[in-house]
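The values are calculated or read from the model by the stated rules, or taken from the named source; none is laboratory data. Bear in mind the structure is a predicted one, so any value in this text is a computation, not a measurement. Here Cβ is always computed from backbone atoms with ideal geometry, including for glycine, and neighbour counts include all displayed protein chains. The area values use the complete protein model at the heavy-atom level, side chains included, leaving out ligands, DNA and RNA. Shrake-Rupley method; radii C 1.70, N 1.55, O 1.52, S 1.80 Å.
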Amino acid sequence: MKNSVLAIVLCLIFGSCSLALAEKPTEAERLERLERAVESLQQRNTELEAEVKSLKKERSPKPPATLAEEKKSHFVPDSKSAVVERTETTEEKKPVYVVPGASELKLTLGGLLQVHWEGGDVFAFEGRFGSAAIKDRFRLRRARINVTGDFADNFDFKLEGEFAQSDEGLTIRDATGRILGSNVTRTAFGGLDLFINWHEFPEFQVKVGQYKAPFGLEQLSSDPKLFTAERSEVTSALTPERQVGVEIWGQPFTNALPEQKDLLTYWVGLFNGDGRNITVNDNNQYMTAARIELQPWKGKVAGHEAWVKFGGDALHSRDESGTVLSPAGTLRVNSDGSLSTFIAPTAAEREGYGFDASFHWGPFDVVAEYLSESYEGRTGNGIAPTFRDFRAEGYYVQPSYFVVPKKLQVVAKYEHFNPAQVIDDNLDSITGGVNYYIHGDDIKLIANYIHTWSKFRDARPALGPSDFDEVILRLQIVF
């Protein structure tokens with residue numbers, strides 16, 4: 001502002017001098033011109049001051065809201081007819097911001113909520129009948145919250161916890177009956193996926209932490225994307241589910257053949273083998289698990305996307321007594337033909353393998369999987385094995401079809417499971433279901449009817465009914 005005023009004054013002075021040299025005005029004329037110049041300067045100065053004030057007002061931050069907003073409401077007591085006026089004071093809240101705490105490029109907060117109504121012979125397809133029967137119920141099947149993120153240094157991570165509880169807690173005892181502790185699948189908030197993954201090379205990635213060991217297609221499939229409300233019994237009984245360890249995995253053709261990057265995917269991992277949220281290893285040996293997936297063809301048929309995929313799994317573990325060998329389901333055959341969690345009474349050794357195939361064409365999908373696992377006793381700490389060796393196995397076949405594209409889907413599943421611990425202990429089930437996708441998998445309704453029959457109880461009528469029926473209704477929200 002000072003520079004502008006000085007420039008104007010100099011212009012006026014030089015202008016006056018020029019006029020004085022060009023013509024010789026009288027004393028009165030000179031005074032009149034000087035007065036006009038002073039008035040012009042005063043007017044310009046006033047305008048500049050107004051502009052400066054306006055700029056300061058625009059740049060200054062708005063003062064925080066400190067005034068209270070008064071809201072009036074009427075309250076009528078139960079015993080009086082008079083109207084009492086009450087004044088409530090509500091302070092304006094400032095916005096809350098959540099930002100990455102470190103150098104993350106991306107930070108995402110999410111979650112999953114699945115609410116069930118389960119009626120009839122609840123979870124009979126898992127052998128939960130007779131002494132293991134469950135009553136009709138409303139159930140909070142899954143209630144999860146998670147945080148995922150990416151770093152600039154080719155690392156990503158996931159932290160996920162579960163609020164929902166499982167059906168039973170387990171007390172672990174050794175061969176002499178001494179209580180070793182408790183292994184509970186879920187009785188309170190607990191960790192699920194807790195891992196860090198290094199992904200600089202898509203062909204060779206390294207993951208450390210707690211996550212699902214690479215064994216079993218249905219087990220590795222994301223919970224919100226399953227076409228049935230529950231996984232098959234063979235999957236729950238024979239897969240190791242989440243474990244603590246390290247694995248390498250990748251897609252070897254990501255850069256060599258970008259259009260065929262899904263041609264081959266592999267996983268190889270080393271884990272404690274004791275289950276999730278357990279900080280100790282039962283011995284100095286580790287469980288190994290591996291999986292390979294091959295997609296030999298992908299294209300279009302009749303205008304619809306289509307592909308074929310095959311997979312194979314392998315697992316080996318040497319376990320001490322007290323280790324839960326079926327952390328995700330039921331495996332041990334009880335005297336009435338029902339099933340319960342299998343805990344190694346003495347040292348054991350597991351070897352498992354599996355094969356699966358899937359086909360997708362537009363609205364149609366079909367998946368089939370076979371799993372087999374042997375359980376052999378071994379001498380540990382001088383104690384001979386106290387259980388008979390056995391090999392459990394089973395399979396399922398699951399076709400599905402979208403009656404209304406991306407909205408209404410029908411699904412069927414046949415599954416067979418043979419615990420192979422006593423004669424005729426097979427379990428077979430048929431599932432029929434309808435899925436309604438309100439907003440994709442984010443908001444989905446599932447209705448399943450499951451019929452199960454036990455060959456063990458069919459051969460022994462005195463034990464009670466051998467056929468069971470269940471209905472499961474689910475509301476799912478992913479956020």
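A few remarks follow.
- Theoretical FRET efficiency, 1/(1+(r/R0)^6), r = Cβ-Cβ of HIS439 and LEU105, R0 30 Å, to 0.05: 0.60
- Local net charge near PRO258, Cβ-Cβ under 15 Å (Lys/Arg +1, Asp/Glu -1): -1
- In the stretch 430-477, the portion of solvent-accessible area held by carbon and sulfur atoms comes to 68 percent [1.4 Å probe, whole percent, DNA, RNA and ligands not counted].
- Taking the stretch 393-433 and a reference point 7 angstrom along Cα→Cβ of ALA302, the backbone N atoms nearer than 17 Å belong to 400-406, 410.
- Calculated FRET efficiency for the pair ALA462/ALA314, C-beta based, R₀ 41 Å, to 0.05: 0.50
- A probe of 1.4 angstrom, applied to the heavy atoms of all protein chains, finds ILE383 with accessible area near 80 square angstrom.
- Gain in span if fully extended, ALA152 to ILE196, counting 0.36 nm per residue against the direct Cα distance: 14.5 nm
- Length released on extending from LEU270 to LEU257, taking residue separation times 0.36 nm less the Cα-Cα span: 1.8 nm
- Whole-percent carbon and sulfur share, accessible surface of the stretch 301-347, 1.4 Å: 55 percent
- For GLN285, the shell of other residues with beta-carbons less than 13 Å away shows a net charge of -2, using +1 for Lys and Arg and -1 for Asp and Glu.
- Per-peptide average of other Cβ atoms within 10 Å, ordering 439-446, 189-196 highest first: 189-196, 439-446
- Full-stretch length increase - VAL397, ARG36 - with 0.36 nm per residue and alpha-carbon distance subtracted: 119.9 nm
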